[in-house]
Structures are given as structure tokens and as C-alpha cells.
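Accompanying notes for the structure given below.
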Protein chains: 2
Amino acid sequence: MVDSNLAIGVFDSGVGGLTVVRELARALPEEPIVYLGDTARVPYGTKSSATVTRYALACASILQERGIKILVVACNTASAHGLGALRAALDIPVIGVVEPGAHAAAAATRSGRIGVIGTRGTVSSGAYPEAIQRCAAAAKVFAAPCPLFVPLAEEAWLEGPVPLAAAQNYLGPLLENGIDTLVLGCTHYPLLKETIAHVTGPAVTLVDSAEETARTVGQTLDAMGGRCTRTFLPQYRFLVSDDPDSFARVGALFLGRPLDTVEWVDF
Amino acid sequence: MVDSNLAIGVFDSGVGGLTVVRELARALPEEPIVYLGDTARVPYGTKSSATVTRYALACASILQERGIKILVVACNTASAHGLGALRAALDIPVIGVVEPGAHAAAAATRSGRIGVIGTRGTVSSGAYPEAIQRCAAAAKVFAAPCPLFVPLAEEAWLEGPVPLAAAQNYLGPLLENGIDTLVLGCTHYPLLKETIAHVTGPAVTLVDSAEETARTVGQTLDAMGGRCTRTFLPQYRFLVSDDPDSFARVGALFLGRPLDTVEWVDF
């Protein structure tokens, strides 16, 4: 029997996953959340499947020590590589961001031609094409890694000639394939949404998996009878493996509001 | 009494330090080298002083297990933050890249106006201005972080509009300060040397600390009676904390020749 007053656990390699926390807070305002950003090992997207899976299991273990009823893997790379290992190791539900994003993309496309952008790790895993084709077998999926987008977002360098030139370089080949839908397959990318939209133009629908992920979490909590029953304002806790102060500063940009306290954890 | 046939130990956060190995191999062709690239935790330049120092001590410990007679910290960020802690913890000489780079810059400048580019960690440490002013008290030092240069170099995205726009953005303010010398204060940056030189123009001398570091290592080995006395070709060993294959591939670009074997280490 699940303790429904436990928190939703969320982890990401760094600050990007706070875009998922923002949607969780909007969709499930009564739920307490504990978030872990593995800022000492960020980024995951350039690293091997074995290393990312090892880090994902370590993050899950830290969050379980704090008491959680469900785990949200807010990192696309960790979802792409580590979801199977996490589900095998944990006795609570584990929700990734790839399946919700794929579902939203399949629902949004009219032409059936879908682009996916993500880290090298996410793209090379093939997780998005597989998940999209489970929702829409006839869909054509074109995937491209955009490795510079993570450092650009982490640096908050969101506009101007450098992000624009990078976006043109990465997205040009996808647009030539006639996509009408583009999955932002990395939790950092919504920060670059305006620059990306400027390059794709209005005919391409941008899909950010955060909203759909929050909906999936709500449905799963309902199914397990796990909705929080407390009536007071829920507590949000933030844990990081590197400097808490710089996380609080950059994190506010992602979360869209200030982070009260950020705690350092060693692992 | 030092065992002069032990290897020179070299570490960096990733592949960048191989530019230092290249200069060591050129200056000290008889010396065996064991190199550790902490590719599972790369980059260091965006992380806090405490975390970088912790990682530097762990790297040194792995290399000491292999048997080394001297430690070269081929990472500017780890040199800037961790040199004191490493020297306190180890009973062998520890050579960083900041002091040699500062020395070379002080020797190269005519106007006494020196620019330094590096990671956020290196620049915020103030290590370069301090080291340069120890060599040339009257020097004026202007430092600027160039955080995008590491991912650009790691991606081997060395030319074209994106690196050029990034370089113009970062270097413009330094050039307005009338520098005549620019220290490439990160082992990744020599790969972007052509783009950087295109922006600075021929009146600015670019200083890469790898060559001066190799000279310092040779002088230190001489001073301690530690030169290798074997006459056969020395062994080079490469250790990494993430995938060995991708390191071997990118590493060849930095080292300027193929890497024979790369071994995975867990720490």
C-alpha cells in the first residue's frame, strides 16, 4: 500500500528537468516534489549508455532515501538509456519523458513526418523513433543530435547570432525532410524555443514532453490510488551534487520562480 | 629515491590534456606516460572549486596506483582550483599548466597588456592574473570566460559561422582593451586556434601552455634526477572513466596520432 503523502521524486543531469517540475506543479499543485540535479556529473547527453545508466541508478537511490512514491526521469538521455534498468531495480512506478513526448508528437502530426532533436545519447539510442512508431506505425521519424544546445541553455545564451547559427545548422536537414512536428527531446531545449521556432517557422508544431509527462504522472497516481490527500501547500525540496547557489540562480530561469532552499548531496 | 623508470602521470577532465601529452612526447621522447581522462565527469570548467578539487584528488589517486614519478595536471580548471590540495596530498612533484602558461605570456608580451581566456572556473579563480603578475608585476591582465569553446572542441566543430560568432562575441571586449598576447587558458582551446587567430588578427600572439609545461616537466625531472634511463621506446597508457572507443576516436585528433589502447577505469 503506497503512502500517498510521500513526494514525487524527479531527477535530471542538471537544471533542465525543472521544466518538468514546472509542469508537475501546474498539473498537480497538491503534490510534494523532491528534485535531484546531478550537477557534478552534468551533462549526460555526451556520455555512454553504461555510464548514464549507472548515474541514473545512483540518482534513484538518493531520491528513494528521501521517501518517494513515484520516480520521474526528467532527463531524456537517462530515459532513453536507463528506464529498463530503473524499472527492474525499483518497486515504485518509473515514468520517463520519452514515451509521453512520443505520444504527444504522434497526436500532433498531420503529415506523419516527425522530427526529433536531442543529445547524441538520446538520438543514438533510437528510443524516440521506436516510441513514436508504437503510437503511429506509419510515422516517418527524422532525428538529429544538437549537442551545442545544452551548453547554450546552461549558459542562458538563448538568442543572437550564435544560437541562431547553431539552430540553422542542426535543423536545416530536418526541415528539408518536410517535417510538420518537432519533438524537443531534451529538457534543456524548451529554453531555446523561440530561436528554434524562428528557424522552423510557424508550419512546424514544437512538442515539449514536460506537459504530457505531468499528465502521465497524474494518471499513474490515480491508477495506484496515490494522490496526496493533504490540504496544505506542498513542500518542494531541491538536491544537487555540485554548488547549490549557482543551481538556485540558474534554476529560477527554468522553474519560472525562485527556488527556496537547495541542498548539496554527495554520491 | 625516485624510480626514474616510472611514468609521467597526466590527467585532464577529458581529451583536451592530450595536447599536453603531444608536447611531452615531443620534448621528452624517452619518457613513458600514463594519461587519465575523466570523461565520465567532463567538463570541469563549469563546476565548483570544491567539486573540481575532489575529482582532481581522485584522478591523482588512480594514477598513483599505476606508479608515477611526477604528476602533470593538464587541465587548467583543475590547476587553478586544485594544485594546492594536490601538492599537500602527494609526495611527488605536481606541475600544473597555469604557471607555465603565465610564464610564457609574460615572456611574449611587448605592451604588457595580456588577455586570458578559459573556463568560468579558471577565470573566476583569478589564478592566471596572479601567476602572470608574479612574472611581470606591471602587466595588465584581462580575462574572459569562453564556456562554449569546450563543447565546440569536444564536438570537433572548429570552423564555420558558429565557432566564428562565438569567438567574436568572447574576444571582442579583450581586443578593445588593446591586448598584444592572448593565453589559451584551457587545453581544449588550441583546437580552435585558427578561428581564434582569425578574430584576433596577426598582431596578437597566442600562447598555448602545453609547450612551456613540457619544458617545466623536463626541468623538474632533471632537478630530481628522474629522467628515464631505458633506451627502448616508451609505453603510453590511456585510462578513461567513460567509453574508451569514443575517447580513442576523438583523442587521435588532439594527440595528432592514433591511440593504441584505451582502458576503462571506474572511480
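Summary table below
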{"item": "Selection status of residue B:74, of a type outside the set (Phe, Trp, Tyr), within 20 Å of residue B:261 (Cβ to Cβ) and touching a Lys or Arg at 6+ places or on another chain (Cβ under 8 Å)", "result": "no"}
{"item": "In the range B:165-195, the residues that are more than 15 Å from residue B:148 (Cβ to Cβ) and among the hydrophobic types (A, V, I, L, M, F, W, C)", "result": "B:174, B:175, B:179, B:182, B:183"}
{"item": "Members of the range A:99-124 that are within 14 Å of chain B (Cβ to nearest Cβ) and crowded, with 22+ Cβ neighbours inside 10 Å", "result": "A:119, A:121, A:123"}
{"item": "Some residue of the range A:169-190 being within 14 Å of another protein chain (Cβ to nearest Cβ), farther than 23 Å from residue A:72 by Cα and crowded, with 19+ Cβ neighbours inside 10 Å", "result": "yes"}
{"item": "Helices (runs of 4 or more DSSP H) (entirely within the range A:1-112) containing at least 3 residues that are of a type outside the set (Val, Ile, Thr) and within 21 Å of residue A:191 (Cα to Cα)", "result": "A:18-27, A:76-89, A:98-108"}
{"item": "Residues located in the range A:29-53, provided they are more than 9 Å from every other protein chain (Cβ to nearest Cβ) and out of contact with any Ser or Thr (no Cβ under 7 Å at 6 or more places or on another chain)", "result": "A:29, A:30, A:31, A:32, A:33, A:34, A:35, A:36, A:37, A:53"}
{"item": "Condition met for residue B:65 (away from chain A (no Cβ under 14 Å), surrounded by fewer than 22 Cβ atoms within 10 Å (Cβ to Cβ), among the charged types (D, E, K, R) and free of Cβ contacts under 8 Å to residues at least 12 places away in the same chain)", "result": "yes"}
{"item": "Of residues in the range B:1-25 being touching a Gly at 6+ places or on another chain (Cβ under 7 Å) and β-branched (Val, Ile, Thr), the one nearest to residue B:80 (Cα to Cα)", "result": "B:10"}
{"item": "In the range A:132-164, residue nearest to the other protein chains (Cβ to nearest Cβ) [restricted to those that are surrounded by fewer than 19 Cβ atoms within 10 Å (Cβ to Cβ) and part of a helix (DSSP H, G or I)]", "result": "A:161"}
{"item": "Meets criteria (closer than 22 Å to residue A:126 by Cα and of a type outside the set (Lys, Arg)) for residue A:189", "result": "yes"}
{"item": "Qualifying residue in the range A:216-234 (condition: touching a Pro at 6+ places or on another chain (Cβ under 8 Å) and within 14 Å of another protein chain (Cβ to nearest Cβ))", "result": "no"}
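Listed here are the residues, each with its yes/no results for (1) of a type in the set (Gly, Ala, Ser); (2) out of contact with any strand residue (DSSP E or B) (no Cβ under 8 Å at 6 or more places or on another chain); (3) buried (at least 19 other Cβ atoms within 10 Å of the Cβ).
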| residue | (1), (2), (3) |
| --- | --- |
| B:3 | no, no, no |
| B:10 | no, no, yes |
| B:20 | no, no, yes |
| B:31 | no, no, yes |
| B:36 | no, no, yes |
| B:39 | no, no, yes |
| B:42 | no, yes, yes |
| B:46 | no, yes, yes |
| B:50 | yes, yes, no |
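Every number here is computed from the coordinates shown, using simple stated rules; none is lab data. Note that the structure is predicted; figures quoted are calculated from it, not measured. In this analysis, Cβ positions are derived from the backbone assuming ideal geometry, glycine residues included, and neighbour counts consider all displayed protein chains.
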